[in-house]
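Down below is the structure, laid out as C-alpha cells.
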Amino acid sequence: MTLLSFTANATAPEAVLPSKTYYKFATVEGKRIFYREAGQHPKQTIVLLHGYPSSSHSYRELIPLLSGRYHIIAPDYLGSGYSDRPDPSTQKYSFNLLATYVAGLLETLNVQRYTLYMQDFGAPVGFRMLLNNSQELEALIIQNGNAYLDGLTPSRQAFFKTAKEDNSTLQLDKLYGFTGQQAIVNKQYLRDVQSAPETMNPDSRSHDLHFLHSDKDRLIQVQLLQDYYNNLLDYPLWQAYLRRYQPPTLIVWGQNDPAFIADGAKAYLRDVPNAELHLLDAGHFAVEEKPVEIAKHITNFMHKLRAKNNMPLEQ
C-alpha cells in the first residue's frame with residue numbers, strides 16, 4: 001500500500017441522507033454472530049469494531065452519519081451484545097477468539113476489502129485480523145485504541161500485567177468488580193464527562209449492563225481483561241505491520257481519556273508518519289460524545305482516499 005498525505009483544511013463532501021440500518025445474524029463456526037449493516041455492499045466498506053464493555057450499539061449514532069455514503073458493518077463480538085455467548089467455563093475467551101469470529105463474519109458476508117474503525121478492544125481484535133490477512137485492508141481509522149505503550153500510564157500497564165499473572169481469588173474479585181453496575185456507570189461512561197454528563201446517552205450503559213446481568217456474562221469480560229496484557233506483548237508485531245504496509249490511517253482520539261492517553265495517538269506517527277491525527281475534546285467514548293465531528297473526519301478521509309486511488313465517487 002502507498003502512504004497518503006492529507007491536509008487539515010480539505011473541503012468536506014456534501015452530506016447525504018442515511019441508509020436504513022438492518023439488524024442481522026450470521027452463523028460463523030456454528031455460532032450466531034449479530035451485526036448491524038447499512039448502505040450498499042458495492043460501496044467502500046467500513047467495519048466498526050467496538051470496545052469494552054460495549055457492543056455495536058455504541059455506533060448507533062455514527063452509522064446513520066456514514067451509511068448514506070458507505071457500506072457499514074458493525075458486529076457484536078462473540079460473548080458481547082446479541083451474539084452467542086458460550087459458557088466461559090468451557091470456552092476460554094481471548095482476543096484471538098474474538099478476531100477469529102469477526103474475520104469469519106466478513107468472510108461469510110463476502111467482504112474482501114474494508115476499512116477498519118478500531119476503538120479500545122477493537123484495536124487488538126483488528127490488528128490480529130490484519131496480521132492474519134494483510135491484503136484485505138483498505139485503510140485504518142483509530143479511535144482510542146492502543147498499539148503503543150505510550151498510550152498506557154505505568155500504573156495501567158501494571159494493572160494489565162497483574163490481571164494476567166495474578167490468579168488469586170482477591171485479584172479475580174477485583175476484576176469482577178470492574179464489570180459491575182457502579183464501575184460501568186461511573187468508571188466507564190461518566191468518568192470523562194463529569195462536567196457535561198448530559199452528552200452521554202444513558203441508553204449506552206443500560207444496554208451494556210443488560211448483557212452483564214449474569215455471573216457468566218461478567219466472567220467473559222473478566223477473561224478478556226486477563227488476556228489484555230498479551231496485547232502489550234504483541235505491540236511490536238502491530239508496529240512492524242504499520243511500518244511495512246503504511247496503511248492510510250486516520251486517528252480521531254478523545255484526548256480527555258485518562259486510561260488510553262493521547263500520547264498513544266501521537267505514537268502512531270512514528271510508524272505511519274503521514275497519518276492524519278485529530279485530538280478531540282472528548283474522552284474514551286469519543287464516538288458517544290462527538291459522533292458528528294468524527295463522521296466529518298471520516299468522510300473527508302475516505303473522500304481523499306478515493307481521489308488518491310482514482311476511484312469513482314459511487315461504485
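Taking every DSSP beta bridge with both residues inside the range 1-150, roughly what % is antiparallel (nearest 5)?
That works out to approximately 50 percent antiparallel.
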Query raised in the report: What value, in deg cm²/dmol to 500, does the helix sum -39500 (n - 2.57) over DSSP H runs of n ≥ 4 give at 222 nm once divided by the residues of the chain?
Result: -11500 deg cm²/dmol
Report summary line: When every protein chain stays in place and a 1.4 Å probe is rolled, Leu17, Leu152, Leu219 sorted by accessible area with the largest first are Leu17, Leu219, Leu152
Query raised in the report: Local charge sum around Lys216 (other residues, Cβ-Cβ under 10 Å, Lys/Arg +1, Asp/Glu -1)?
Result: -1
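Just reorder Ser67, Ser195 by solvent-accessible area, largest first, 1.4 Å probe, all chains present.
Ser195, Ser67
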Query raised in the report: Over the chain, what relative contact order in percent results from Cα pairs under 8 Å that are six or more residues apart?
Result: 22 percent
Requested in this report: Sum up the charges of everything whose Cβ sits under 14 Å from the Cβ of Gln135, counting Lys and Arg as +1 and Asp and Glu as -1, but leave Gln135 out.
Outcome: -1
Query raised in the report: What does the chain give for Rg and for Dmax, in Å, if only its C-alpha atoms count?
Result: 18.4, 58
Query raised in the report: Hey, got a sec? Which GluC sites (Glu not before Pro) in the range 233-315 land in a DSSP loop and have at most 11 other Cβ atoms within 10 Å?
Result: Glu314
Report task. Would you mind checking Lys92/Lys174; Lys31/Lys296; Lys24/Lys161; Lys31/Lys266; Lys20/Lys174; Lys92/Lys187 for any pair whose Cα atoms are more than 31 angstrom apart? Result -> Lys31/Lys296; Lys24/Lys161; Lys31/Lys266; Lys20/Lys174
Report summary line: Counting only DSSP beta bridges fully inside the chain, the antiparallel percentage to nearest 5 is 35 percent
Query raised in the report: Carbon and sulfur atoms: what percent of the 1.4 Å accessible area of the range 1-151 do they account for?
Result: 48 percent
**Report entry** Relative contact order of the range 163-315, defined on C-alpha pairs under 8 angstrom at six or more residues apart (%)
**Finding:** 22 percent
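Rounded if a/c is under 1.5, else prolate if a/b beats b/c, else oblate: with a ≥ b ≥ c from the C-alpha gyration tensor eigenvalues square-rooted, which is the range 38-92?
prolate
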Requested in this report: Can you bin the range 169-315 into rounded, prolate or oblate? Criterion: square roots of the alpha carbon gyration tensor eigenvalues sorted a ≥ b ≥ c, rounded for a/c under 1.5, prolate for a/b above b/c, oblate for the rest.
Outcome: prolate
Query raised in the report: Charges only on Cβ, +1 for Lys and Arg, -1 for Asp and Glu: so what's the dipole of the chain about the Cα centre, in debye to the nearest 20?
Result: 500 debye
Report task. Please report the relative contact order for the range 1-153, taking Cα pairs under 8 Å with a sequence separation of at least 6, and give it as a percent rounded to a whole number. Result -> 22 percent
Query - Modelled FRET efficiency - R0 22 Å, Lys187 with Glu29, Cβ distances, 0.05 increments - result: 0.05
Query raised in the report: Once both axes come from the Cα atoms, what is the angle between helix 215-227 and the longest principal axis of the chain, in degrees from 0 to 90, rounded to 10?
Result: 70 degrees
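The values are calculated or read from the model by the stated rules, or taken from the named source; none is laboratory data. Because the structure is predicted, anything quoted here is derived from the model rather than measured. Glycine gets a Cβ as well: all are built from the backbone with ideal geometry, and neighbour counts include every protein chain shown. Side chains are part of the model used for accessible areas, which takes the heavy atoms of the whole protein and leaves out ligands, DNA and RNA. Shrake-Rupley method; radii C 1.70, N 1.55, O 1.52, S 1.80 Å.
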